[in-house]
Amino acid sequence: MSRVDVVVPVYNEERDLPTRIPQLWGFLREHLLCPWNIVIADNGSTDGSLEIARNISHRYAGVTYVHLTQKGRGRALKKAWLESTADIVSYMDVDLATDREALPRLLAAVEQEGYDIAIGSRLAKGARVVRSAKREFTSRAYNLLIKTLFPGVQFHDAQCGFKALNRRTVQELVPLVRNNNWFFDSELLLLAHRKAFRIREIPVAWTEDPDTRVKVLRTAWEDIKGLLRVRFRRL
């Protein structure tokens, strides 16, 4: 039976951590039969997130944490995934915007169906999404741009914070990803596409967090520059 690490990247999340991690812990204990571990990956928080993560790890069996002094979701995922010894690594955002009910399907796609990567999608048929018109427009425009620059790409949502990979994929692809921030997800999937890794897209229910840390316009500009870099990168 595969062992699973569920990584939760955090940056200044002292409000959500005390409630969201116990909620996730309870869900995993009830719904996952395989051995699992929650890894809180604090990346440069300046509030009380690190201390809260440390306290939670002492109170709940199967919860650990890593700390990085530098900010960056991609940087946090690189460290947690590359240091993991689990058979499958995954991640989700601390706000639990993606319905946890999809997690067993995400993991099954890797363990049982043989996919290298499984991703949650807010744009695939069957997804149920509640978010602002600006976020919806930006997401769809970004997907169109990806398909224009990278013909043959089949996935619809590169940026959903809900993914799982087998260990081989992590070891082969993650060291090649240059971005340490929000573009990390897109770069990972585009490299996987170019190297013919098998990607499974799973529609999810997703509700936007009104307190999101994502700066949409700034992130969109970073993504556009990242797409152009990857498009003309030689592997």
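What pairs come out if I take residues in region 25-38 that are without any contact (Cβ under 8 Å) to a residue 24 or more places away in the chain and pair them with residues that are open to solvent by less than 20 Å² (accessible area, probe 1.4 Å) whose C-beta lies under 8 Å away, six or more apart or interchain? Pairs that qualify, where the first residue is without any contact (Cβ under 8 Å) to a residue 24 or more places away in the chain and the partner is open to solvent by less than 20 Å² (accessible area, probe 1.4 Å): there are none. Against the conditions (1) touching a residue at least 40 places away in the same chain (Cβ under 8 Å); (2) surrounded by fewer than 22 Cβ atoms within 10 Å (Cβ to Cβ); (3) closer than 28 Å to E222 by Cβ; (4) not polar (S, T, N, Q), R105 satisfies every one except (3).
Of the residues contained in region 144-155, one or more are found to be farther than 18 Å from E222 by Cα, hydrophobic (A, V, I, L, M, F, W, C) and assigned to a loop (DSSP other than H, G, I, E, B). With the condition kept exactly as written, say whether any residue in region 136-146 is open to solvent by 10 Å² or more (accessible area, probe 1.4 Å), modelled with pLDDT of 95 or more, more than 23 Å from Q112 (Cβ to Cβ) and among the β-branched types (V, I, T). Checking region 136-146: not a single residue is open to solvent by 10 Å² or more (accessible area, probe 1.4 Å), modelled with pLDDT of 95 or more, more than 23 Å from Q112 (Cβ to Cβ) and among the β-branched types (V, I, T).
Six or more apart or on different chains, Cβ atoms under 6 Å: show the pairs whose first residue is in region 132-146 and closer than 14 Å to I224 by Cβ and whose second is at pLDDT 90 or above and open to solvent by 40 Å² or more (accessible area, probe 1.4 Å). Short answer, once both residue conditions are applied: N143/H156. Of the residues making up region 84-139, those that are of a type in the set (G, A, S), over 26 Å from G72 (Cα atoms) and touching a strand residue (DSSP E or B) at 6+ places or on another chain (Cβ under 7 Å) are A109, A124, G126, A127.
For the residues D42, D16, the requirement of being open to solvent by less than 20 Å² (accessible area, probe 1.4 Å) and closer than 18 Å to D99 by Cβ singles out D16. Each residue in region 114-135 was checked for being surrounded by 15 or more Cβ atoms within 10 Å (Cβ to Cβ) and farther than 28 Å from S2 by Cα, and 4 pass. Among the residues of region 175-182, some residue qualifies, meaning at least one is farther than 18 Å from M92 by Cα, part of a helix (DSSP H, G or I) and either open to solvent by 80 Å² or more (accessible area, probe 1.4 Å) or in contact (Cβ under 8 Å) with a residue 24 or more places away in the chain (or both). Restricting Y115, Y65 to residues that are among the aromatic types (F, W, Y) and free of Cβ contacts under 8 Å to residues at least 60 places away in the same chain narrows the list to Y65.
The values are calculated or read from the model by the stated rules, or taken from the named source; none is laboratory data. Remember, it's a predicted structure, so these values are computed and weren't measured experimentally. Note: ideal-geometry Cβ built from the backbone for every residue, glycine included; neighbour counts use all protein chains shown. SASA here: full protein model, heavy atoms, side chains in, ligands and nucleic acids out. Shrake-Rupley method; radii C 1.70, N 1.55, O 1.52, S 1.80 Å.
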